[in-house]
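Notes to accompany the following structure.
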Amino acid sequence: MYKCMLMLNTMDKIMYDAQRQGRISFYMTNYGEEATLASAAVLADTDLIYGQYREAGVLLYRGFELHQFMDQCYGNCDDKGLGRQMPIHYGSRKLNFVTLSSPLATQMPQAVGSAYALKRAKNGNCVIVYFGEGAASEGDAHAAFNFAATLECPVIFFCRNNGYAISTPSSEQYRGDGIAGRAEGYGIIAAIRVDGNDVTGSLQRLQKAARQYAVKENKPVIIEAMTYRVGHHSTSDDSSAYRPVEEVQQWEQDSPIARFRLYLEAQGWWNSQAQQEFLTSAKKQVRTDNIFCTL
């Protein structure tokens, strides 16, 4: 998981620069939200995934290759989407990862429909759908929660509450107690808020329990992972216009990668030499694939 997080971070830095150089039209980084990929570690390969914008780590962990990310972003002849999508709109039939779509929250009711189909098939699989707290303000979120509860579908709603819906802070998005607090109103029994930056702790343990519950009980689960978007919303955004730089710097110090590294080093499983060697290798791999994809 840690290596995937480092690779994701390395790819983000290089691809962000590629957009600034005019080589691709658009990009979104995952800075500060890398721990989301921990949720993928406890899923079955046959479970279906609906992502939003920042689930590249989940896809990377599942086995999506670096050149496939870049094929999609460049829209070249090897892109499985045939260049018909915006950059970062990944998808993989092989890895059971449904192709991303630009409209916000449309994946949520679609995920519930898929979960209902899995329930009827009785194959022991579930669906996980990722979304931000901003997407939870869309009408599609209401429809998804309501259908999941009334139809009793094995679906995990994974909300990345990263503090901002583009430039709108969460304090201006809703007056209730976050996203998990809405569960009771829909009749969803299982809902919890967790530390979205804690890879080895609550995030992974509760994700495992959530999957077991969803599959066994055929009922929905809401996980609200509290995290922070360190990077700009996208290459079309300048976050310094709506939040202080000091706030971002503070959260960078408590990033999932920094915390995970401290844990691994305390266990004797990682050190500075391993860190440097892997980062050097990661940069070489990403740059090599990046150059190849532009040829």
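The values are calculated or read from the model by the stated rules, or taken from the named source; none is laboratory data. Keep in mind the model is a prediction, meaning the values are calculated, not measured. All Cβ positions, glycine included, derive from the backbone under ideal geometry; neighbour counts span all protein chains shown. Quick note on the areas: whole protein, heavy atoms, side chains included, nothing else; ligands and nucleic acids left out. Shrake-Rupley method; radii C 1.70, N 1.55, O 1.52, S 1.80 Å.
Worth pointing out:
- For the stretch 261-295, taking the residues that are of a type in the set (D, E, K, R) and open to solvent by 60 Å² or more (accessible area, probe 1.4 Å), the one that is farthest from Glu65 (Cα to Cα) is identified as Glu265.
- Of Ile166, Ile179, all but one fail to be touching a residue at least 60 places away in the same chain (Cβ under 8 Å) and under 24 Å from Thr29 (Cα atoms); the exception is Ile166.
- The set of residues in the stretch 113-127 that are assigned to a helix (DSSP H, G or I) and buried (at least 19 other Cβ atoms within 10 Å of the Cβ) comprises Ser114, Ala115, Tyr116, Leu118, Lys119.
- Ile257 vs. criteria under 21 Å from the mean Cα position of the chain (by Cα), buried (at least 18 other Cβ atoms within 10 Å of the Cβ) and within 30 Å of Tyr186 (Cα to Cα): no
- Which listed residue is of a type outside the set (Val, Ile, Thr), touching a helix residue (DSSP H, G or I) at 6+ places or on another chain (Cβ under 6 Å) and open to solvent by 30 Å² or more (accessible area, probe 1.4 Å), from Asp78, Asp45: Asp78
- Pairs where the first residue, in the stretch 106-124, is more than 15 Å from Lys219 (Cβ to Cβ) and in contact (Cβ under 8 Å) with a residue 40 or more places away in the chain and the second is assigned to a loop (DSSP other than H, G, I, E, B) and hydrophobic (A, V, I, L, M, F, W, C), C-beta under 9 Å, 6+ apart: Gln107/Leu100; Ser114/Cys153
Condition check ((1) at pLDDT 95 or above; (2) closer than 20 Å to Leu6 by Cβ; (3) of a type in the set (A, V, I, L, M)) across all residues:
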residue: Arg193; (1), (2), (3): no, no, no
residue: Asp198; (1), (2), (3): no, yes, no
residue: Ile222; (1), (2), (3): yes, no, yes
residue: His232; (1), (2), (3): yes, no, no
residue: Arg259; (1), (2), (3): no, yes, no
residue: Trp269; (1), (2), (3): yes, yes, no
residue: Thr294; (1), (2), (3): no, no, no
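- Contacts under 7 angstrom Cβ, first residue in the stretch 72-90 being farther than 22 Å from Tyr130 by Cβ, partner polar (S, T, N, Q), 6 or more apart: Tyr74/Thr294; Asp79/Gln72
- The stretch 217-255, residues that are hydroxyl-bearing (Ser, Thr, Tyr), touching a residue at least 24 places away in the same chain (Cβ under 8 Å) and more than 22 Å from Ala141 (Cβ to Cβ): Thr235, Ser236, Ser239, Tyr242, Ser255
- Considered as a group, the residues in the stretch 1-23 that are open to solvent by 10 Å² or more (accessible area, probe 1.4 Å) and of a type in the set (A, V, I, L, M, F, W, C) include one that is nearest to Trp270 (Cα to Cα), and that residue is Met1.
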